[in-house]
């Protein structure tokens, strides 16, 4: 494809919200077919960066390339085409409350109008089974638990058969068992379906579990990136501070074994 | 000198910001209107979204519209009837009530009704979707929010408001007839003869055109306020209040100027 295996290429990205300089020159290359975790504290600009990748926000300066195609800054047919390669799982799941689970999962396909009703129903059943929610089609989002809603959101993302899936804080607000479930589901997507996965999180357990590449964003810049092992060994004081609690936990666990 | 500049700044900077925000909103609303009109080209593929909205705005508003119309008809006949009685002109009640309803009261009252019942609901619904990232989710599913959310509401408002107005005019005139008969002893036949003699098609048509434009204003203001909401539940409430107030003001101002234009 001539993309050198790079799915998303962010170059010198800057973003202001009124007087707040949120992203201050982000450079980031996300390899295709891998899972990349973007970690950082609250308000570091993680979600803002993620929203730029799918064109929900447009950069004030800098550019983003998706498989070597530049992301247009205005709404256009090309932006629609690029967006079709993406799916995003939002922090609060963002299911449409007026539609039931099945309609939510099939929404993108119904609106596209390419498949017949039966084919769409088939895809919906398949994707719900994949996330462990077989037969929940007719329930309303309001009747589901947080973890189930998140899994419906993942099914909805998968229904569009995207190449890249973005996760905004997939395990935040979930109990440890459900978080573990979601983590293995995401790892599965990368291993079995060969999707490019980008996860924004501050849950280091989750990042080390899934990611092939971990990037740390601090004050609007990428301050460290590398494999989980390299990330763990980083001597960058910001990174050390961020993962010290995780290391301590793991150390204790190691001694206990 | 420097202190003085600062005082001046404190007055003019926020004022300038407010003005800029205002013109930006107006521009965005006009763009939203153009976009909504353009998306109307795919209305037949989106009837599943348009028809329920029409039902909500039209059929579901009938009970409250009936109640409003009949009481306005009653009171209009009552107030003018007392004055007309002094001159022995009670038989002109038909003309006054029907023309009053067709030209002004029908369109404006229906607009107020729809702002309260529908405009507020549109803003609250879309604003909630905005703050819970549902609008963003639609975009990532390659669904244009203007096609999916705005166009059906726009079309429903523009078509259903005039239809509601015809109904309100009719019920209001009936209400007038009832009071004319009960209090001023004007027979139904004389009342309706008077209506048909004085009420022109032009009166009706002008009222309907007005109400269609009110439909445009209400739908675009409500959708725009909803789509531009950011933050949390508090902002949803604020956006709804703002949307209702702005719709009211726009309807009043537009109504006055159009009426003046037509009278010239």
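Pairing residues of the range A:17-46 that are without any contact (Cβ under 8 Å) to a residue 40 or more places away in the chain with residues that are in a strand (DSSP E or B), at Cβ distances under 8 Å and at least 6 apart in sequence or on separate chains, gives A:29/A:6; A:29/A:8; A:29/A:9; A:29/A:10. Of the residues B:225, B:185, the single one that is over 16 Å from residue B:101 (Cα atoms), exposed (fewer than 14 other Cβ atoms within 10 Å of the Cβ) and touching a residue at least 60 places away in the same chain (Cβ under 8 Å) is B:185.
Looking at (1) within 14 Å of another protein chain (Cβ to nearest Cβ); (2) more than 30 Å from residue A:29 (Cα to Cα); (3) surrounded by fewer than 18 Cβ atoms within 10 Å (Cβ to Cβ); (4) touching a residue at least 12 places away in the same chain (Cβ under 8 Å), can you tell me which one residue A:114 breaks? It fails just one condition, (4). The single condition among (1) surrounded by fewer than 19 Cβ atoms within 10 Å (Cβ to Cβ); (2) over 30 Å from residue A:97 (Cα atoms) that residue A:217 does not satisfy is (1). When the range A:1-46 is filtered for residues that are surrounded by fewer than 19 Cβ atoms within 10 Å (Cβ to Cβ), within 14 Å of residue A:169 (Cα to Cα) and touching a strand residue (DSSP E or B) at 6+ places or on another chain (Cβ under 9 Å), the ones remaining, listed by number, are A:41, A:43. Does residue A:223 fit the bill of being under 16 Å from residue A:29 (Cβ atoms), modelled with pLDDT of 90 or more and surrounded by fewer than 19 Cβ atoms within 10 Å (Cβ to Cβ)? Answer is yes for this residue.
Restricting attention to the range A:135-173, the residues that are away from chain B (no Cβ under 12 Å), in a loop (DSSP other than H, G, I, E, B) and surrounded by 19 or more Cβ atoms within 10 Å (Cβ to Cβ) total 3. Residues that are modelled with pLDDT of 90 or more and assigned to a loop (DSSP other than H, G, I, E, B) are absent from the range B:10-27 altogether. All but one of (1) touching a strand residue (DSSP E or B) at 6+ places or on another chain (Cβ under 8 Å); (2) in a helix (DSSP H, G or I) hold for residue A:181; state the number of the condition that does not hold. In the conditions (1) touching a strand residue (DSSP E or B) at 6+ places or on another chain (Cβ under 8 Å); (2) in a helix (DSSP H, G or I), residue A:181 misses (1) alone. Do we find that residue A:79 is over 23 Å from residue A:190 (Cβ atoms), touching a helix residue (DSSP H, G or I) at 6+ places or on another chain (Cβ under 7 Å) and within 13 Å of chain B (Cβ to nearest Cβ) in this structure? Answer is no for this residue. When the range A:48-66 is filtered for residues that are surrounded by fewer than 20 Cβ atoms within 10 Å (Cβ to Cβ) and at positive phi, only A:62 remains. With respect to the conditions (1) under 19 Å from residue B:188 (Cβ atoms); (2) out of contact with any helix residue (DSSP H, G or I) (no Cβ under 9 Å at 6 or more places or on another chain), residue B:99 lacks only one, and its number is (2).
Which ones in the range B:80-91 are more than 16 Å from residue B:191 (Cβ to Cβ) and in a helix (DSSP H, G or I)?
Residues satisfying the conditions are B:82, B:83, B:86.
Of all residues in the range A:96-108, those satisfying the criterion of being more than 7 Å from every other protein chain (Cβ to nearest Cβ) and buried (at least 23 other Cβ atoms within 10 Å of the Cβ) are A:101, A:104, A:105, A:106.
Residue-by-condition table, conditions (1) within 14 Å of chain A (Cβ to nearest Cβ); (2) free of Cβ contacts under 8 Å to residues at least 24 places away in the same chain; (3) part of a helix (DSSP H, G or I); (4) under 30 Å from residue A:56 (Cβ atoms):
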| residue | (1), (2), (3), (4) |
| --- | --- |
| B:147 | yes, no, yes, yes |
| B:154 | no, no, yes, yes |
| B:159 | no, no, yes, no |
| B:167 | no, no, yes, no |
| B:175 | no, no, yes, no |
| B:181 | no, yes, yes, no |
| B:190 | no, no, yes, no |
| B:194 | no, no, yes, no |
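Sort out which residues of the range A:82-95 are crowded, with 18+ Cβ neighbours inside 10 Å and at the interface with another protein chain (Cβ under 8 Å from one of its Cβ atoms), and write them in order of number. Answer for the range A:82-95, where residues must be crowded, with 18+ Cβ neighbours inside 10 Å and at the interface with another protein chain (Cβ under 8 Å from one of its Cβ atoms): A:83, A:86, A:87, A:88, A:90, A:91, A:92, A:94, A:95. On the given criteria, is residue A:61 in contact with a strand residue (DSSP E or B) (Cβ under 6 Å, 6 or more places away or on another chain) and either more than 8 Å from chain B (Cβ to nearest Cβ) or touching a residue at least 60 places away in the same chain (Cβ under 8 Å) (or both)? Yes; evaluated as a whole, the condition is true for this residue. Does the range B:116-137 hold any residues that are in a helix (DSSP H, G or I), within 8 Å of chain A (Cβ to nearest Cβ) and buried (at least 21 other Cβ atoms within 10 Å of the Cβ), and which are they? Answer for the range B:116-137, where residues must be in a helix (DSSP H, G or I), within 8 Å of chain A (Cβ to nearest Cβ) and buried (at least 21 other Cβ atoms within 10 Å of the Cβ): B:129, B:134, B:137. With respect to the conditions (1) within 18 Å of residue A:87 (Cβ to Cβ); (2) away from chain B (no Cβ under 13 Å), residue A:122 lacks only one, and its number is (1). Looking across the range A:174-199, just one residue is under 19 Å from residue A:245 (Cα atoms) and in contact with a helix residue (DSSP H, G or I) (Cβ under 7 Å, 6 or more places away or on another chain), and that is A:179.
The values are calculated or read from the model by the stated rules, or taken from the named source; none is laboratory data. Note that the structure is predicted; figures quoted are calculated from it, not measured. For neighbour counting, all protein chains shown are included, and Cβ atoms are generated from backbone atoms with ideal geometry for every residue, glycine included.
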